[in-house]
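Scroll down for the structure; my scribbles are underneath it.
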Amino acid sequence: MRANPGGEIAPAEVFGRDKLIERLWRILERQSLVLSAERRMGKTSILKKMRAEAPADKLPVYRDLEKVRSPLEFAQTIFDDVESYLSRSKRTAAKARQWLTNLTGLEIGGIVKFPDAVADEWKTLLSKTIEDLVEYQDRTVIFFWDEMPLMLDNIKKKNGESAAMEVLDTLRSLRQTHSELRMVYTGSIGLHNVLTSLKRSGYANRPTNDMKAVDVPPLSPNDAEELARRLLEGENIETDDIQTTAKAIANAVDGIPYFIHHVVDHLIEEDEAVNAARVDAIVNTYLIEPQDPWDLRYYRERIDTYYANDEKQLVLNLLDILAVTDTSVPFDDLFNRLESRLVNPDIEKTRDVLTLIQQDHYILLQSDGYCFRFPLIKYWWRMHRGVR
Ligand SMILES: Nc1ncnc2c1ncn2[C@@H]1O[C@H](COP(=O)(O)OP(=O)(O)O)[C@@H](O)[C@H]1O
Ligand SMILES: [Mg+2]
């Protein structure tokens, strides 16, 4: 296996995800899915592997929605995807086409792009398009929609938050109408980051509360080590001891597959045999490099982008406190420490913000309190913020 950080990897090279994928197929038998994870955890790789290896009774339709900017563009995108699965005769018979022909007077075969004039009709177009596919397919249709929250964010910016909500509500009602239809939403920001009014009410789950939320974790320590070992072998990297070097790589990057690829890619250029100490040194330089090749500043910048002004100081202070504690911190203790840094912090707002930074994968709540989720990010936070 060759190192390919950030590149598209073949389904067979998506390592350590078989059990999770099996579970996802099992869930999809009954309901739709929201797959969430920190970016670069391997969501897209999982979706593409599922598309490539779908059981015979499933029709997976994958689409990256990042560039879609309006509800009409969304309807158009789905229309294009659906048409590619319908035979020519079925296309002519299809409801979406017929309806559009009646509405616009355009030739039935000629429609390739929805005219702007039908923008207000996106819901009907979307519904009929999806009906067409469900009706003409004997397989279960599963839409894999990657970067769904980014599309909603685009729509929100252009057409307002209610338009974004309407897209979600329409999709929910389509799921209710077609019991066989499945959708998988995923993306590197959460729906709650986009739908701030829902966020304020605590939780962005109303338009998705019929879907199963699944978190994509890092690779297990064994799988991460095995991936590192195969990459070291595949790149012919000389080591003092391949197993301890592989273990050091897996460990230093918390089992996050993207960083495993990255470290091995870096090791290709080493002149001498590498070992665990060298791996740790390399990871440490990545964390403090001003060029920030791993784009870790994202963890700081995201707070400015997606958190309200009155939440930012709370978030920064909570993370600063947790970055320098070795053990988990119970809520009371955490709030006490917050009070020594901020004037009259609001206790309920603090609770809300803790929920949000949990949903954004910064922290975990364990039985004995809160802690950073990833030691790598915790260490970076400490360095970047200069807290100790
Ligand atoms: N299961 C895996 N096995 C091997 N490499 C992986 C795996 N998952 C992710 N990667 C590596 O991480 C990179 C980012 O993965 P990707 O699926 O694009 O993440 P996400 O969609 O969560 O941002 C890939 O290009 C690949 O190098
Ligand atoms: Mg992705």
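Since every read-out is calculated from the coordinates, none of them should be taken as a lab result. As the structure is a computational prediction, the values presented were derived from the model and not from experiment. Note that each Cβ is placed from the backbone with ideal geometry, even for glycine, and that neighbours are counted across all protein chains shown.
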Could you give each residue of region 317-328 its phi-based ³J(HN,Hα) in whole Hz, using Karplus coefficients 6.51, -1.76, 1.60 with θ = phi - 60°, and x for Gly or Pro?
5, 4, 5, 4, 5, 5, 5, 10, 9, 7, 10, 5
Rounded to the nearest 5, what is the percent of antiparallel bridges among the DSSP beta bridges in the chain?
20
Please label the shape of region 17-215 as rounded, prolate or oblate, based on the square roots a ≥ b ≥ c of the eigenvalues of the alpha-carbon gyration tensor (a/c under 1.5 means rounded; beyond that, a/b larger than b/c means prolate, else oblate).
oblate
FRET efficiency for residue 341 and residue 112 from the Cβ-Cβ distance with R0 = 51 Å, rounded to 0.05, comes out at 0.30
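Is it possible to state the helix-based mean residue ellipticity at 222 nm for the chain, with each DSSP H run of 4+ residues giving -39500 (n - 2.57), the sum divided by total residues, to the nearest 500 deg cm²/dmol? What is it? Kindly include the intermediate steps, with their values, before the conclusion.
Values: 19 runs with 210 residues, N = 388.
Here the helix-only value at 222 nm equals -16500 deg cm²/dmol.
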Could you work out how much longer the chain between residue 301 and residue 333 gets when fully extended? Use 0.36 nm per residue separation minus the Cα distance between them, nm to one decimal.
8.8 nm
In degrees from 0 to 90, rounded to the nearest 10, what is the angle of the helix 242-252 Cα long axis to the longest principal axis of the chain?
80
Please give the helix 71-83 orientation as an angle from the longest Cα principal axis of the chain, in degrees from 0 to 90, rounded to the nearest 10.
80
For residue 275 and residue 313 in one chain, what is 0.36 nm times their gap in residues minus the Cα-Cα distance, to one decimal in nm?
9.6 nm
Give me the number: length gained by fully extending residue 10 to residue 383, i.e. 0.36 nm times residue separation minus the C-alpha to C-alpha distance, one decimal in nm.
130.7 nm
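Take the alpha carbon gyration tensor of region 1-117, find the square roots of its eigenvalues, order them as a ≥ b ≥ c, and report rounded if a/c is under 1.5; if not, report prolate when a/b exceeds b/c, else oblate.
prolate
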Tilt, helix 18-30 to longest principal axis of the chain (alpha-carbon atoms), in degrees rounded to tens, equals 40
What residue among 87, 188, 32 shows peak mean-square fluctuation when the chain is described by a Gaussian network model with Cα springs under 10 Å?
87
Theoretical FRET efficiency, 1/(1+(r/R0)^6), r = Cβ-Cβ of residue 102 and residue 135, R0 22 Å, to 0.05
0.75
Classify the chain: rounded, prolate or oblate, from the alpha-carbon gyration tensor (a ≥ b ≥ c, eigenvalue square roots; a/c under 1.5 rounded; otherwise prolate if a/b is larger than b/c)?
oblate
Of 167, 195, 250, which is farthest on the positive side of the dipole of the chain, counting Cα position, with +1 on Lys and Arg Cβ, -1 on Asp and Glu Cβ, and the Cα centre as origin?
167
HN-Hα J couplings of region 353-358 from phi, Karplus 6.51/-1.76/1.60, θ = phi - 60°, integer Hz, Gly and Pro as x?
5, 4, 5, 5, 6, 6
Cβ-Cβ FRET estimate between residue 236 and residue 30, R0 fixed at 45 Å, reported to 0.05
0.45
Magnitude of the charge dipole, the chain, Cβ model with Lys/Arg +1 and Asp/Glu -1, debye to 20:
1280
